[in-house]
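Note sheet for the following structure.
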Amino acid sequence: MKEIFKNRTFVKLFLGAITSQLGSTIGNMAFAFYLLDHFSDQPYLATLAELMYSLPTLLVFLFVGVLADRLDRQKIAEYSDWIRALLTLFLFIAVIVNSVPLIFAILFLRSAISKFFFPAEAGLIQGILTKEQYQTAAGLNQMVFSIFMLFGVGLGALTYKTIGIYGALVIDSVSFIVSAFLIRACSIAVEARMPNGKNSIKDMSFKQTITDFKLGGRYILDRKLLLTIVSGFFIFGFINGGFAILPLFTMKFKLAPDNYEWYASLFAIFFGIGVFIGSSLCATWGKKFKPHTLIIFGVLMTVVSTAGMGFADGIWLYLCFVLMTGFMIAPINVALAGWIPTLVDPSFMGRVNGWVDPLMMLAQSISLGLIALVFPNVISSVDFIYFGIAILMLVVGVYYLFTLPRYSREEEVGEVKNSIKPGVQL
């Protein structure tokens, strides 16, 4: 852990990502509370707001990964922050005039721009750290994510209750500006920023973009282990869609309708505690167990805890299952985040992410769309949605159980063969 913090470039980039994510978390959660308060008889609006965060991936997926591999990754991340800061100011105005269509349109655009940030940032991380440090960085990122879960929703609720939606949007905008300055201050080698050589936006054409996108798909298809992992991400998208809105719905319509903001914050706190504890132990687990073991075990145990949330009829029992879910999700995320960069060549990292993100977001959008259609008109209880998520998790767990160990062994054998120089015998 100490070694990566000695890398000043990593520290600045890491702080930039944290600042950007913290502001987004506060702003998004405050906005969810705002919609539920002002349109409580139309809960589908909160679901549609979540759709505005996921649907844009389907609009920009062709360009996100390709641009991250062909253009300056540092500038992409920085400009993404600047543009989102500007769009947040427009969102401020849209809320003032109380135009729901305009609000949703700006949320859509802002989310579309954010999709360019993370592939670029992931590519930069891969270029400034060694393979041995990927797992450590993944664990660190997961611990920070748990802190967001601990305080992000609570801060969103507190911000909304104290300074309102306008104050939350101001914090959101300032966070993007600070993040942009931090990323600009990073000193990153040209090879990490542009692993495929120097290109400009003028050199890019739609035909070239399509070709590069196909190359990314071919890169995944040619690698069984990578393909298996990416296939599972599609199901994870359905699960993410459910969990994006279920906590609010559970508290609002089942367990705590009169004080749902407070208990929704408790959901985040308990989930965050679980993720934080699980992430803290991942440094030890990562040395004792292979990534696929952590992933399979985590997914199967999450099936149990997710079903438990559906059966729970009391707030504290529900929160205990939430804590368990966070605890088991942590090793899944850490193992995946630390494993995938070791399987992907740096020159293809953006294009691989360019396939992963739209697959997940397509499934997430379908999931949110289905929830908006069936709840509460067709399905009157959120319990059945939890059971559906548990079944999907079980499908992923069984699929990984029968594929990941075998393909992982094949990958290790291939690496050993490639490491043997011609003329050298074992």
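The values are calculated or read from the model by the stated rules, or taken from the named source; none is laboratory data. The shown structure was predicted, so the numbers you read here are calculated from the model rather than taken from an experiment. Glycine also receives a Cβ, built like all others from the backbone with ideal geometry; neighbour counts cover every protein chain displayed.
Tell me yes or no: at least one residue of region 161-183 is under 30 Å from F327 (Cβ atoms) and modelled with pLDDT under 80.
Pass one, region 161-183, residues under 30 Å from F327 (Cβ atoms): 161, 168, 171-172, 175, 179.
Then keep just the ones that are modelled with pLDDT under 80; that gives 161.
Yes, that holds for at least one residue.
Which residues, counting only those in region 75-131, are among the hydroxyl-bearing types (S, T, Y) and either part of a helix (DSSP H, G or I) or modelled with pLDDT of 85 or more (or both)? Steps first, answer last, please.
In the first step, residues of region 75-131 are kept if they are among the hydroxyl-bearing types (S, T, Y); the result is 79-80, 88, 99, 111, 114, 130.
Hits for region 75-131 are Y79, S80, T88, S111, S114.
Regarding F39, is this residue crowded, with 22+ Cβ neighbours inside 10 Å, modelled with pLDDT under 80, among the hydrophobic types (A, V, I, L, M, F, W, C) and over 25 Å from F236 (Cα atoms)?
On the way: crowded, with 22+ Cβ neighbours inside 10 Å: no; modelled with pLDDT under 80: yes; among the hydrophobic types (A, V, I, L, M, F, W, C): yes; over 25 Å from F236 (Cα atoms): yes.
No: the conditions fail for F39.
Kindly establish whether K224 is within 22 Å of D383 (Cβ to Cβ), in contact with a helix residue (DSSP H, G or I) (Cβ under 8 Å, 6 or more places away or on another chain), of a type in the set (K, R) and in contact (Cβ under 8 Å) with a residue 60 or more places away in the chain. Even if it seems obvious, please write down each step before you answer.
On the way: within 22 Å of D383 (Cβ to Cβ): no; in contact with a helix residue (DSSP H, G or I) (Cβ under 8 Å, 6 or more places away or on another chain): yes; of a type in the set (K, R): yes; in contact (Cβ under 8 Å) with a residue 60 or more places away in the chain: yes.
Against the criterion (within 22 Å of D383 (Cβ to Cβ), in contact with a helix residue (DSSP H, G or I) (Cβ under 8 Å, 6 or more places away or on another chain), of a type in the set (K, R) and in contact (Cβ under 8 Å) with a residue 60 or more places away in the chain), K224 does not qualify.
Which of the residues spanning region 286-296 are in a helix (DSSP H, G or I) and surrounded by fewer than 19 Cβ atoms within 10 Å (Cβ to Cβ)?
To start, the set of residues in region 286-296 that are in a helix (DSSP H, G or I) comprises 286-288, 291-296.
Residues satisfying the conditions are K287, K288, T293.
When residues of region 182-214 are filtered for being surrounded by 15 or more Cβ atoms within 10 Å (Cβ to Cβ) and not polar (S, T, N, Q), how many remain?
Qualifying residue count for the region: 12.
Does T325 satisfy the criteria of being hydroxyl-bearing (S, T, Y), at pLDDT below 80 and assigned to a helix (DSSP H, G or I)? Before you say what the answer is, go through the steps one by one.
Values: hydroxyl-bearing (S, T, Y): yes; at pLDDT below 80: no; assigned to a helix (DSSP H, G or I): yes.
Taking the combined requirement at face value, the residue does not satisfy it.
Taking I235 as meeting all but one of (1) in contact with an Asp or Glu (Cβ under 7 Å, 6 or more places away or on another chain); (2) closer than 15 Å to N333 by Cα, write down the number of the exception.
(1)
Regarding region 249-257, can at least one residue be identified that is outside any helix (DSSP H, G or I), under 30 Å from E412 (Cα atoms) and without any contact (Cβ under 8 Å) to a residue 24 or more places away in the chain?
Quick first cut of region 249-257, residues outside any helix (DSSP H, G or I) only: 256-257.
When the remaining residues are screened for being under 30 Å from E412 (Cα atoms), the result is none.
So far as region 249-257 goes, no, none of its residues is outside any helix (DSSP H, G or I), under 30 Å from E412 (Cα atoms) and without any contact (Cβ under 8 Å) to a residue 24 or more places away in the chain.
I want to confirm something. Restricting to region 256-270 and keeping residues that are among the hydrophobic types (A, V, I, L, M, F, W, C) and over 14 Å from G156 (Cβ atoms), which single residue is farthest from the chain's Cα centre (by Cα)? Give the steps one after another, and end with the answer.
So the first thing to find is which residues in region 256-270 are among the hydrophobic types (A, V, I, L, M, F, W, C), and the list is 256, 262, 264, 266-270.
Next, from what is left, pick out any that are over 14 Å from G156 (Cβ atoms): 256, 270.
Working: A256: 28, F270: 19 Å.
Per the criteria, the residue is A256.
Please go through region 341-386 and give me each residue that is under 30 Å from F253 (Cβ atoms), among the aliphatic types (A, V, I, L, M) and in a loop (DSSP other than H, G, I, E, B), ordered by number. Before you say what the answer is, go through the steps one by one.
Just the residues of region 341-386 that are under 30 Å from F253 (Cβ atoms), to begin with: 360-386.
Adding the requirement that they be among the aliphatic types (A, V, I, L, M) leaves 360-363, 366, 368, 370-374, 378-379, 382, 385.
Correct list: V378, I379, V382.
For region 194-213, what are the residues that are in a helix (DSSP H, G or I) and more than 23 Å from W339 (Cα to Cα)? Break it down into steps so the answer makes sense when it comes.
Let us first name the residues in region 194-213 that are in a helix (DSSP H, G or I), namely 201-203, 206-213.
Of everything in region 194-213, those that are in a helix (DSSP H, G or I) and more than 23 Å from W339 (Cα to Cα) turn out to be I201, K202, D203, F206, K207, Q208, T209, I210, T211, D212.
Restricting attention to region 255-275, which residues are under 11 Å from I315 (Cβ atoms) and of a type in the set (D, E)?
None; the set is empty.
Restricting attention to region 360-382, does a residue exist that is of a type outside the set (K, R), closer than 30 Å to Y318 by Cα, surrounded by 20 or more Cβ atoms within 10 Å (Cβ to Cβ) and at pLDDT 80 or above? Break it down stepwise before answering.
Initial filter on region 360-382 (of a type outside the set (K, R)): 360-382.
Next, only the ones that are closer than 30 Å to Y318 by Cα stay: 360-382.
Then keep just the ones that are surrounded by 20 or more Cβ atoms within 10 Å (Cβ to Cβ); that gives 360-361, 363-365, 367-368, 371, 375, 382.
From the residues that got through so far, the ones that are at pLDDT 80 or above too are none.
Scanning region 360-382 turns up no residue that is of a type outside the set (K, R), closer than 30 Å to Y318 by Cα, surrounded by 20 or more Cβ atoms within 10 Å (Cβ to Cβ) and at pLDDT 80 or above.
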